[in-house]
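The values are calculated or read from the model by the stated rules, or taken from the named source; none is laboratory data. Everything numeric here is computed off the predicted structure, so don't read it as measured data. When we count neighbours, we look across all protein chains shown, and the Cβ atoms used for this are built from the backbone with ideal geometry, even at glycine.
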Amino acid sequence: MTGVYRASRRRVAHGQRWWFGLVALLLGLVLPQARGPDEKAPADRSVQQSVAAQAAPELSARIKALGRGFDGRVGIAIRDVDEGWTVAFDGDSKYPQQSVSKLWVALAALDAVDKGQMALGDTLVVRKDDLSIFHQPLRKHVGDNGYPVTVVELIRGAIAQSDNAANDVLVGHVGGQAAVQAILDRHRLKGVWASPPEKDMQTRIAGLDWKPEYSFKHTFWEERDTLSPEARSVNLAAYLQDPYDAATPVGLATGLARLKRGELLSPASTELLLGIMGETATGPSRLPAGLSRGWTLAHKTGTGQVWGAVATGFNDVGIMTAPDGHSYAVAVMIAQTRRPVPERQDLMAAVARAVVAHHDKEATR
């Protein structure tokens, strides 16, 4: 919490800083101190966020207005990586991550690299039985004899291209969903849960059980179309009520901020993962569309299934860095909506523009 009040590289009114410092001191005296660096008890969080919102009142108001004004269930969180405050709209509710969950698989793989349990250059042979569902560019390379690919190539494919096959192979290589969850638990990443492999989760969302033939042609779509509309609706509603790949916007923003600060991986692995996130090819009209000249973004998108007019799990999360080096972790998550893709993208770009406007105003104080 004290990070909210330490001196910024930007000039802020002395009286305001003095007040924030006093509140931080009082909170430090009365709140439990046995938690991790970014862990907050549920009872404390509303107090923490209330105080944090005072550090960026205009940004906080803008984020709330964007959230309330969107026709759909949306959660937004912004965390100042350098100062530690967070502003949010519905930031503590569970949302589907979809492919955002690939970040934590990559984290688990790089954690194993840091421990010497595997190497980036280790080669795995991906076979047809290892393939997944939906978007998987890796599939075109996999023949009858398989396709050799290194660990770092799998990480790059899973993050930068959102390749489901690359992700699922990595999940198996690090020890499965439980192993990924163990990494999250060890780092006390609250509000973030490990996801099942994409092939298992996506078929379960539809109400089917995984079959290897779903990796090819249109077999999955054809079988999904045999389900009754009632069954599809019930299965999707169950997923949205309690997502198998859940995360909260605040949990994601906090985790990203800790990644950026080097608290989760070695310096080399941190640099590698952030670099790959900076290569992300998906979602150019989401958060990237709101950047101003000189800003950079290391991010990961997620996109869920569509049933009728309802789109689910439309997300973009990442780390925005200003030309002066100041960084913000941003999470925009749309659980469900009937609004078209351009409007969903516009919301995300508007959030990014709000961060830029906040930073530019603070820089001139």
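Some points to look at:
- Residue match in segment 261-276 (condition: within 24 Å of F89 (Cβ to Cβ) and in contact with a strand residue (DSSP E or B) (Cβ under 6 Å, 6 or more places away or on another chain)): no
- Test for A106: is it under 23 Å from T282 (Cα atoms), in the same structural domain as A158 (by TED's automatic domain parsing), of a type in the set (A, V, I, L, M, F, W, C) and crowded, with 22+ Cβ neighbours inside 10 Å: yes
- Within segment 249-365, strands (runs of 3 or more DSSP E) holding 1 or more residues that are more than 15 Å from the chain's Cα centre (by Cα), closer than 29 Å to Q136 by Cβ and not assigned by TED's automatic domain parsing to the domain that holds G72: none
- Condition met for V125 (free of Cβ contacts under 8 Å to residues at least 60 places away in the same chain, β-branched (V, I, T) and crowded, with 21+ Cβ neighbours inside 10 Å): no
- Remark: pairs (first residue in segment 139-150, among the aliphatic types (A, V, I, L, M); second residue in a loop (DSSP other than H, G, I, E, B) and surrounded by 14 or more Cβ atoms within 10 Å (Cβ to Cβ); Cβ separation under 8 Å; 6+ apart in sequence or on different chains) = V142/R127; V142/L131.
- Condition check for Q117 on (1) of a type in the set (S, T, N, Q); (2) in the same structural domain as F314 (by TED's automatic domain parsing); (3) farther than 23 Å from R204 by Cα: one failure, at (2).
- For K40, the conditions (1) at pLDDT below 95; (2) surrounded by fewer than 16 Cβ atoms within 10 Å (Cβ to Cβ) all hold with the exception of (2).
- A residue that is of a type in the set (V, I, T), touching a Ser or Thr at 6+ places or on another chain (Cβ under 8 Å) and surrounded by 18 or more Cβ atoms within 10 Å (Cβ to Cβ) cannot be found anywhere in segment 305-316.
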